[in-house]
Structures are given as structure tokens and as C-alpha cells.
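A.B. asks: Okay, handing you the structure first.
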Amino acid sequence: MITAGEPECTLSDNIFGDALEIIDRSGAAELIDAYYEESTLPGGRPPRGIEYTTRAVLVALLGRIILCRPPTLRGAMATIADFTPGQLTAVGMGGQDCSNAHRDSFAEYKRFHPWWIRRLAPLDPGLGLPARRVTNATHAAALAARTMAQRADSHRAAERIRTVINRIVAGSVREDTPAGSRGDLVVDESIYDLAGPGQGLGSRPDKHRGAAYCGRYYVRDAKTGAISDPRSVDAIKKAAFGLGLTAVTRIGKPDALHGVAPVIIGIDIHPPTSGSVDGLAVALEQAKRNGIDGRNGGRSRWPYLTIDMGYNPKKGFAELMLQQCYSPVARYPKHWNTTFASTNPTGAPNGPQPGPVQAVGAFYCPAVQPLLRGHRTPAMRDLLATDGFRAHDDRLARILPYLMGYNSRPFQTRSGYGRRKLGIVDDTVAKVKLVCPAALGAVKCPLKPESMVDGPVGVPLAAPDWDPSDRGCCANSSVTVTLTPDQLRMAQWDLVPGSWEHSIYFEAARAFTEQRFSLLKSKNVTSIAELKWGPRREPMIKLILALAVAAANRRSQLSHDPKRSRAESIDIRWRQLATDLGREPTRTPPRT
């Protein structure tokens, strides 16, 4: 029986041109073809019937997402069949009669589907795994049974699909380094469900997984809202089988966040987490590799990377920030201890302790400790609810002058002292060179007699109750501090946590993340809020998500007008704060 199909999705020349421009700029089609040619042997039968191209399929899928139509393979085949002769020529299929895709759609799909699956096989880390529901024990056994060669092939395929999806994202970004960007970023993770909470799904070995083998079962804690281990949650708000999409968004400089179009510049797709450091590392590296991270060269300041509280508790996050030269902007959970004294590292020569105290992510003179009680990083809504703006501003006026200055950026170096032993690789530690605030003229201190004579009028007077020789920062104006693991985990290198600059910027930048994911999942932009439908193999799922990001970036850039004058939320908040206080808010003093 012949099954006929009907035309359902014809792309206008404008939408087709935008989709083709993104795909061509990305080079993703050429990459996929190159990986296929590299992984197959020459020979075989010549093709019969319609000869599809990778470029045509990617343009059709992206065009359907832009039109908010389901990006299924059958739909892509039908869209290709509806291409005009000029559009067919543009995607490398000129001169072909594609009417058979409508005349006998069932038979044509039986040809098209295997061809596309073979084309994506070199990008499939789960090649050989069934795209159907199996128990967790069966899945684990299949992974354990892989040979070393199969594991190497899987790792290579994972790198390939990661490169391809980020090239698609990069292809959707029109300006590599816009004039209003200094490389400031915000990052977050959004979950796409692959299967709902059906009977039999779960995380125990005897429970089933979803058909998409690249996903994982997750639960959301009803108390905290975080993605958690199913075995450690008392009350479950939501449970499903899904994937996490980590997305890094580029924004404008602090005084003009909307000065550039907010676009996603790097992604990683992985099992759901509350914040994946590995996913963030991949997204940052891919954006850097594609040359769209927007960073300024030379000795410019480290860009800000705004995160939520799902990232900074994770092992390796602080080290990643130092390696990639980003200054994190974050808040801390209320139950965390946020005050840590600086100590000499193990094996250091005998001498005084360094002295500076880290409180809420910033380093202060040790004389400030009596003033630090109750100092946190409050949310603006909490201050509004308790009318605590004036009390917080008074606290900032008392403690911010005691901030240690910087004599260097933070840096990593080997641990230990003296000559390296042969055959032993030292661990690395983070260090920073700090300057006494009395030497900067921010406070007066009896341990620094010159500050008592030459210091500015009206600055606070420190009251240390120790001798200068008891603290390294008091014996000398500058001291090198080796960060403890707790200090490194808490450290924020530019904006001072708890300050008005930090609080106002954090909330404005975090709002961009919510906007990006709202746009990305909007039924009027991509119409992809979950993936409980469509292909189940990993390469196709990840391609769909990357194309959805490309469609969202396209919409964001079309709606952005760089010449439009608008009031920034940061400016509005500063004016509101000054009105509420009846005076200018306390600002962070210079630290260099």
C-alpha cells in the first residue's frame, strides 16, 4: 500500500536564508560529513532515489524549529520535499525531483531514516546501546562489557558531537566580539524531560530507564528545589527521566548589561544536576575555541561569571575559575560558615600567621573581626521585607574600609617549599598578594604609625590588640596568602559579596539566565519545553537542542537594537536605594 504525504511546512525565503546562513557559518554540515567519511570504508552501491545532503537536513530541522514545528525526521524529510528549486540548489540537492517524499512517504522514509542514522553514527557515544527502555542493571552491564577500543570510540564520538553542537551555537552568533562586551557571562542549567514519571521508571537496578540512553532519572527536592540523589530526598517535588542543558550566556558590561544582544555562546548536554562543573568547563572551553567569548585582551579585568548556588559548593569550581581567569559572582547558602582565618601552609618556614581574615568571600584586615557579626550576602527582597536597607548600609560603612587591597591577581603555583624531589609531582595551591588597608589610606592603624600622621581625615581607626610581629600583614604592608580549601571555595575576586555593587549586579545578571531559558522553551520561539517525543538516539537529541539554542539566539539578536536607549535595572536600583536611605549608598573603596 502506498502512503501519501501532504505538504505541511514550507519555508519562506527569509526563514530559509536565516537557517542556511546559520548552518553555513557553523560548518556543522561539513564536520558531520568529514566524520562520516573518516569512519567508513570506500566502496558500496551507488545511491538510488533522492540524494539527501547533511546541509539540507540541518536547514530543514532549524527551519521547523524557527516555525515552532516539531523537528522530527519525518517532518524534516517532508520540509526538504517542499523546498523550492532554488532552495534545493542552495543545500546541494539541485536538479532532483523530491515529489516521491510526498507520493510514497512511507517507503521514502524507510530510505531516509537509515541514511541519516548512518550519517550520525560517528557522533554517537552510545553506539550499540538500544534506544528502548531497559533496566538500569542491563544498561550498566552493557557499559561494563565494552572493550577498551569501544570505550575509546565512545569518548571520541562524545567529543565530536560536543564540537558539532557548539559549532551550531557559534554559527547563530553574529558578532564574535561586540563593542559593548567585556566577556561577562551568566551560566545556569535547565532540565529537558525525556520521559515522564511512569510506572517502573527509577534509579534502582531493577527499575527501567527511559528509551533515550543518554538521560538519567532525577528527582527535585520539595524543600530546596535542587536536583538531588533519589535516595537522599525525603519529599519529592518532581521526578522524571531527562537531560541537563548547561548554557553560558554573554551579556554587556556592568553599566550597560543590555548593550549587547544576550546570546548563548556555549553549551553542554549531560545528565541532570543541580549545577555541573564539568558541563560549565566544556561550555567555556567551546566558546573560547570558537572565538565568541567576548573577552578583551591585555591586562583588562577578569570577566564576571554569575552563577547560582548550585555551582560554588562543587569540587573543582574554584579551580576552574582560576584556570579560565573568571571572577565568580555568587551568593552563599544561609547555613554556610563564611569566615575563615588565613594560615601558613604545611611545610612553611617558621614565622607569623599571614593575618587577613576571609569573610563572605573577601579578605579583610584582622582588626575587623568584631564588626563582622551578622554580615552575609542578603537578597534584596529579604532586606525589603524587613526594611533592613539602612542597617545593612551602616554595617557596610563600618567594615568595607578594612578590605585588604590587591598586589596581584590570584594565581596557582606548586605547593611546598624548597627544591622539588625527583619523581614527585607537587599539588597546586592558590595564592594572592594582599595589601594592608592602612597602607592604602582606607583606615588608620597604630601598628602603621605613618597612617596616623598622613592618613586621610574621617577614615576609621583600627584597634588591634596584638604586636605587629604577630601578623604578617602587620609586620609588612604586603603579604602573600596561601588559600585554604575553604577560602578557595568561597573566594570572589572582584565584586565584594554583601556590598551593594555585588547585590545589585548579581540580581540583574541572574535575571538574564531566567530570560534566556524562558525564551529557549517558549512555545512562540522554539516550542521545545521537553523531549518526550521524537528521536531517542543521542546525536539527534543533542542536535535538536543545539538547533533550538540557535533559533533562540536568532530571535534575541533580531529583537535587539543597539541604538535604542533604555534604563538599566542596575541604575534604577541604585536610585531606589539612595531614595530609601536618604543618602548615597556606601560604595566599595578602591583596593589597588
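The values are calculated or read from the model by the stated rules, or taken from the named source; none is laboratory data. Remember, predicted model here, so these are calculated numbers, not experimental data. Positions of Cβ are backbone-derived with ideal geometry, glycine not excepted, and every protein chain shown enters the neighbour counts. Heavy atoms of the whole protein, side chains included, go into the accessibility calculation; ligands, DNA and RNA do not. Shrake-Rupley method; radii C 1.70, N 1.55, O 1.52, S 1.80 Å.
A.B. asks: Could you pull the accessible area for residue 155 with a 1.4 Å probe, rounded to 10 Å²?
C.D. replies: 120 Å²
A.B. asks: Next up: Could you tell me which of 265, 114, 325 has its Cα farthest along the dipole of the chain towards the positive end, charges placed at Cβ (Lys, Arg +1; Asp, Glu -1), taken about the Cα centre?
C.D. replies: Farthest towards the positive end: 114.
A.B. asks: Right, another one. In terms of modelled amide H atoms, which long-range or inter-chain residues lie less than 5 Å from the amide H of residue 274?
C.D. replies: 227
A.B. asks: Further question: Tabulate in residue order the Karplus-calculated ³J(HN,Hα) for the stretch 575-592, using 6.51 cos²θ - 1.76 cosθ + 1.60 with θ = phi - 60°, rounded to whole Hz; enter x for Gly and Pro.
C.D. replies: Listing the rounded values in order: 5, 4, 5, 4, 5, 5, 7, x, 7, 5, x, 5, 9, 6, x, x, 10, 10 Hz.
A.B. asks: Then there is this: Among 341, 445, 9, whose Cα projects farthest towards the positive end of the dipole of the chain, with charges put on the beta-carbon of Lys, Arg (+1) and Asp, Glu (-1)?
C.D. replies: Result: 341, furthest along the dipole toward the positive end.
A.B. asks: Per 10 Å bin, what percent of the C-alpha pairs of the stretch 13-123 does each bin hold, from zero upward?
C.D. replies: Once binned at 10 Å, the Cα pair distances of the stretch 13-123 give 14, 47, 35, 5.
A.B. asks: With the contact rule set at Cα under 8 Å and sequence spacing of 6 or more, what percent relative contact order holds for the stretch 120-257?
C.D. replies: Working: 193 pairs, mean separation 42.2, N = 138.
RCO, the stretch 120-257: 31 percent.
A.B. asks: For residue 117 and residue 40, calculate 0.36 nm times their separation in residues minus their Cα-Cα distance, and state this gained length in nm to one decimal.
C.D. replies: Details: separation 77, 0.36 × 77 = 27.72 nm, distance 1.34 nm.
Fully extending the segment from residue 117 to residue 40 adds 26.4 nm.
A.B. asks: Related question: Helix 105-120 sits at what angle to the longest principal axis of the chain, using alpha carbons and giving 0 to 90 degrees rounded to 10?
C.D. replies: Its long axis makes an angle of about 40 degrees.
A.B. asks: Let me cross-check residue 209: its accessible surface, 1.4 Å probe, with only protein heavy atoms counted, in Å² to the nearest 10?
C.D. replies: Approximately 20 Å² for this residue.
A.B. asks: Considering the zone a paramagnetic label at residue 560 would reach in this model (a point 7 Å from Cα along the Cα-to-Cβ line), which residues of the stretch 257-278 have amide N under 18 Å from it?
C.D. replies: In the stretch 257-278, the label zone of residue 560 (backbone N under 18 Å from the point 7 Å along Cα→Cβ) covers 257-267.
A.B. asks: With θ set to phi - 60° and the Karplus curve 6.51 cos²θ - 1.76 cosθ + 1.60, what are the ³J(HN,Hα) couplings of the stretch 397-410 in order, to the nearest whole Hz, using x for Gly and Pro?
C.D. replies: Working through the residues one at a time gives 5, 7, 9, 4, x, 7, 4, 6, x, 10, 10, 6, 6, x Hz.
A.B. asks: Computed on alpha carbon atoms, what radius of gyration and Dmax characterise the stretch 62-189, expressed in Å?
C.D. replies: Computed over the Cα atoms of the stretch 62-189, radius of gyration and Dmax are 19.8, 54 Å.
A.B. asks: While we're here: With labels modelled as points extended 7 Å from the Cα through the Cβ direction, what inter-label distance (nm, one decimal) is found for residue 346 paired with residue 465?
C.D. replies: 3.3 nm
A.B. asks: For the chain, what proportion of DSSP beta bridges, expressed in % and rounded to the nearest 5, is antiparallel? Can you show the working numbers first?
C.D. replies: Values: 44 of 52 bridges.
Percentage antiparallel, nearest 5: 85.
A.B. asks: Report the label-to-label distance for residue 148 and residue 238 in nanometres (one decimal), using points 7 Å from each Cα along the Cα→Cβ vector.
C.D. replies: Here the answer is 4.4 nm between the modelled labels.
A.B. asks: Whole-Hz Karplus ³J(HN,Hα) for the stretch 492-505, in order, using 6.51 cos²θ - 1.76 cosθ + 1.60 and θ = phi - 60°, x for Gly and Pro?
C.D. replies: In residue order, the calculated couplings are 10, 8, 10, 5, 7, x, x, 6, 5, 4, 5, 4, 5, 5 Hz.
A.B. asks: While we're looking at this one, here's another question. For the chain, which whole-number percentage of the solvent-accessible area (1.4 Å probe, protein heavy atoms only) is attributable to carbon and sulfur atoms? Spell out each step's value before the answer.
C.D. replies: Working: 14060 of 27420 Å².
Ligands and nucleic acids excluded, carbon and sulfur reach 51 percent.
A.B. asks: Any idea how far apart residue 99 and residue 51 come out in nm if each label point goes 7 Å out from Cα toward Cβ?
C.D. replies: Each label point lies 7 Å from its Cα, and together they span 2.1 nm.
A.B. asks: Multiply the residue separation of residue 89 and residue 427 by 0.36 nm, subtract the distance between their alpha-carbon atoms, and state the gained length in nm to one decimal. Don't jump to the answer; show the numbers that get you there.
C.D. replies: Details: separation 338, 0.36 × 338 = 121.68 nm, distance 5.78 nm.
Here the answer is 115.9 nm.
A.B. asks: For a quick check of understanding: with a 1.4 angstrom probe and all protein chains in place, what accessible area in square angstrom does residue 51 have, to the nearest ten?
C.D. replies: Approximately 100 Å² of residue 51 is accessible to the 1.4 Å probe.
A.B. asks: In addition: Taking R0 as 30 Å, what's the FRET efficiency between residue 325 and residue 174 from their Cβ-Cβ distance, rounded to 0.05?
C.D. replies: Numbers: r = 25 Å, r/R0 = 0.85.
The calculated FRET efficiency here is 0.75.
A.B. asks: Related question: Assigning unit charges at the beta carbon (Lys, Arg +1; Asp, Glu -1) and nothing else, what dipole magnitude in debye, to the nearest 20, does the chain show about its Cα centre?
C.D. replies: On the way: 77 positive and 58 negative charges, 187 e Å.
Approximately 900 debye in magnitude.
A.B. asks: Roughly how many Å is it from the Cα centre of the stretch 164-197 to that of the stretch 526-549, as a whole number?
C.D. replies: First find each Cα centre; the distance between them is then 15 Å.
A.B. asks: Rounded, prolate or oblate: which fits the chain, taking a ≥ b ≥ c as square roots of the Cα gyration tensor eigenvalues, rounded meaning a/c under 1.5, else prolate when a/b beats b/c? Each step should come with its number before you reach the end.
C.D. replies: Numbers: a/c = 2.36, a/b = 1.96, b/c = 1.20.
Prolate.
A.B. asks: Let me ask something else about it. First select every other residue whose beta carbon is under 12 angstrom from the beta carbon of residue 493; then total the charges, Lys and Arg +1, Asp and Glu -1.
C.D. replies: Working: positive: 301, 409, 591; negative: 494.
My count for the surroundings of residue 493 gives +2.
A.B. asks: Considering Cα pairs under 8 angstrom that are at least six residues apart, work out the relative contact order of the chain and quote it in whole percent. Before the final figure, lay out the partial values.
C.D. replies: Numbers: 1043 pairs, mean separation 94.9, N = 592.
Relative contact order for the chain comes out at 16 percent.
A.B. asks: Another question about this same structure. Ignoring ligands, DNA and RNA, how do 559, 12 rank by accessible area with a 1.4 Å probe, largest first? Provide the component values of the computation, followed by the final result.
C.D. replies: On the way: 559 85, 12 55 Å².
The ranking, largest first, comes out as 559, 12.
A.B. asks: Kindly identify the stretch 496-592 as rounded, prolate or oblate by the Cα gyration tensor criterion: order the square roots of the eigenvalues as a ≥ b ≥ c, call it rounded if a/c is under 1.5, otherwise compare a/b with b/c, prolate if a/b is larger, else oblate. Walk me through the numbers on the way to the answer.
C.D. replies: Values: a/c = 3.27, a/b = 2.41, b/c = 1.36.
Note, shape of the stretch 496-592 comes out prolate.
A.B. asks: Oh, and also: Angle, helix 148-171 long axis vs. longest principal axis of the chain, Cα atoms, 0 to 90°, nearest 10?
C.D. replies: The helix 148-171 is inclined about 80 degrees to the chain.
A.B. asks: Can you give me the angle between helix 54-66 and the longest principal axis of the chain, using Cα atoms only, in degrees from 0 to 90, rounded to the nearest 10?
C.D. replies: On a 0 to 90 degree scale, this one is about 70.
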